[in-house]
Amino acid sequence: MDSEKIKDGVRLILEGIGEDVNREGLLETPDRIARMCEQIFAGLEQDASVHFEKKFHAVNNNIVIEKDIVFHSVCEHHLLPFFGKAHVAYIPNEKVAGLSKLARTVEVFARRPQIQENMTAQIAEAVEKYLEPKGVMVMIEAEHMCMSMRGVQKPGTKTVTTITKGAFAEDYSLQQTFMQMVK
């Protein structure tokens with residue numbers, strides 16, 4: 001990341017809204033924003049494949065679900081946060097990942113300028129590609145600050161996205177089982 005460009009951009013925005021960039025409370029703001037960007041956009045420099053390098057043999061080929069994975073992301077359209085919970089399920093094909101690996105995969109894609117619809121698909125595609133399961137289902141429930149604090153201004157509104165792959169796409173009863181499990 002180019003920290004200096006970020007700092008210059010923040011100064012321009014502050015000047016653009018009519019602020020005095022030399023005001024005491026704003027003197028260190030460009031630097032703070034640059035450091036924040038390194039943290040909240042860290043997923044731009046990460047690859048989900050590293051979280052699936054180690055797999056374990058499993059005889060249980062029933063649904064594995066990691067639910068209520070809390071995440072924070074940034075809407076690429078308004079650069080405002082959206083946050084919520086991701087639920088990730090897969091049906092193993094004799095291989096499972098460590099449980100933390102699903103949460104880490106969510107973080108890789110959440111820590112990018114993003115739209116929820118793409119994030120949902122990217123998580124499912126990574127699980128499908130690197131674990132090669134019989135099926136994958138991902139659901140994300142999130143509140144978007146671009147809807148809560150600007151525009152329509154409806155705080156508390158949740159957007160829900162899902163994607164199904166493999167056995168989950170083919171078998172509606174598996175989708176229903178997933179929905180029951182995330183309740």
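Just a few scattered comments:
- Inter-site label distance for C146 and E38 at 7 Å from Cα along Cβ, in nm: 2.7
- Leading residue at positive end of dipole, the range 109-183 (Cβ point charges), from S173, N118, V152: V152
- When the Cα positions of S73, L99, V88 are compared along the charge dipole of the range 52-110, L99 comes out farthest toward the positive end, with charges on each C-beta of Lys, Arg, Asp and Glu.
- Kirkwood radius, the range 121-183, all distinct C-alpha pairs, inverse of mean reciprocal distance: 13.2 Å.
- For the range 77-176, applying the loop criterion from DSSP together with a ceiling of 13 other beta carbons within 10 Å to the trypsin sites (Lys or Arg not before Pro) yields R150, K158.
- Evaluated over the range 2-100, the Cα radius of gyration and Dmax, each in Å: 20.5, 64
- In a simple Cβ point-charge model (Lys, Arg +1; Asp, Glu -1; nothing else charged), the chain has a dipole of about 560 debye relative to its Cα centre.
- For H72, no residue 5 or more places off, or on another chain, has a built amide H under 5 Å of its own.
- In order along the range 82-92, phi translates into HN-Hα couplings of 9, 8, x, 10, 10, 10, 10, 10, 8, 10, x Hz, rounded to whole numbers, per the Karplus curve 6.51 cos²θ - 1.76 cosθ + 1.60 with θ = phi - 60° and x for Gly and Pro.
- Rounded Å value of the spacing that divides the Cα centres of the range 112-126 and the range 70-98: 7
- Per-residue ellipticity at 222 nm, computed for the chain from helices alone with -39500 (n - 2.57) per DSSP H run of at least four residues, works out to -12000 deg cm²/dmol.
A short reminder: the numbers here are calculations on the coordinates, not readings from a lab. Quick caveat: nothing in here was measured; it's all calculated off a predicted structure. Glycine gets a Cβ as well: all are built from the backbone with ideal geometry, and neighbour counts include every protein chain shown.
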